[in-house]
Amino acid sequence: MNINLTKKQFRRLIDLVYIGNWVLNSNRGGDRISDYDDVERKLFSLCIENGMGILADKVGDEAVPSRAFIEGGIHEAIMDYEDSVFFEILAEELARRDVQSDGLSEHDGEEIIKRINEYISEFETNGIDNINVNM
């Protein structure tokens, strides 16, 4: 199979593959899904072959993301996504908890959305500074 990409498109593909592999494998420890690692190594080897060697390093016979690639902002993009997902999930869980503890129907979508938006507003203003956990 051949895919024709400009260098810019290939660069974006590298980002997408790295982020996808990070999401799928970063927390799996020794139980990584090797097929995704293989695709990532294949694409990073193409960086070396196509004048984009700053993005990849050779480790033995395999190409891996270079330090320049890893420190070039890709993890900031991942962290921004993780922060967003964290706050969205937290807001929904807290809203559902509140609706249930107030004796309202868990199927009251409007009330849940209202409370989610209130939590999101709070998190946008104060982050987690006002969260308390009672044990």
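Being under 17 Å from the mean Cα position of the chain (by Cα), of a type outside the set (Phe, Trp, Tyr) and within 30 Å of THR6 (Cα to Cα) narrows it down to one residue among GLY73, GLY51; which is it?
Of the residues listed, the single one that is under 17 Å from the mean Cα position of the chain (by Cα), of a type outside the set (Phe, Trp, Tyr) and within 30 Å of THR6 (Cα to Cα) is GLY73.
Quick grid of which residues meet (1) out of contact with any Gly (no Cβ under 7 Å at 6 or more places or on another chain); (2) over 25 Å from SER34 (Cβ atoms); (3) surrounded by fewer than 16 Cβ atoms within 10 Å (Cβ to Cβ); (4) basic (Lys, Arg):
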{"position": "GLU62", "(1), (2), (3), (4)": "yes, no, yes, no"}
{"position": "PHE69", "(1), (2), (3), (4)": "yes, no, no, no"}
{"position": "HIS75", "(1), (2), (3), (4)": "yes, no, yes, no"}
{"position": "MET79", "(1), (2), (3), (4)": "yes, yes, yes, no"}
{"position": "ASP83", "(1), (2), (3), (4)": "yes, yes, yes, no"}
{"position": "LEU90", "(1), (2), (3), (4)": "yes, yes, no, no"}
{"position": "ALA95", "(1), (2), (3), (4)": "yes, yes, no, no"}
{"position": "GLY103", "(1), (2), (3), (4)": "yes, yes, yes, no"}
{"position": "HIS107", "(1), (2), (3), (4)": "yes, yes, yes, no"}
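For the range 97-106, does any single residue satisfy the condition of being in contact (Cβ under 8 Å) with a residue 12 or more places away in the chain and either touching a helix residue (DSSP H, G or I) at 6+ places or on another chain (Cβ under 9 Å) or not assigned by TED's automatic domain parsing to the domain that holds ARG11 (or both)?
yes
Can you spot a residue in the range 33-44 that is in the same structural domain as ILE14 (by TED's automatic domain parsing), over 14 Å from ARG11 (Cα atoms) and not in a helix (DSSP H, G or I)?
Yes.
Out of curiosity, is GLY51 small (Gly, Ala, Ser), closer than 30 Å to GLU124 by Cβ and at pLDDT below 95?
It is false that GLY51 is small (Gly, Ala, Ser), closer than 30 Å to GLU124 by Cβ and at pLDDT below 95.
The values are calculated or read from the model by the stated rules, or taken from the named source; none is laboratory data. All values derive from a computational prediction rather than experimental measurement. Don't worry about glycine lacking a Cβ; one is built from the backbone with ideal geometry, like all the others, and counts go over all protein chains shown.
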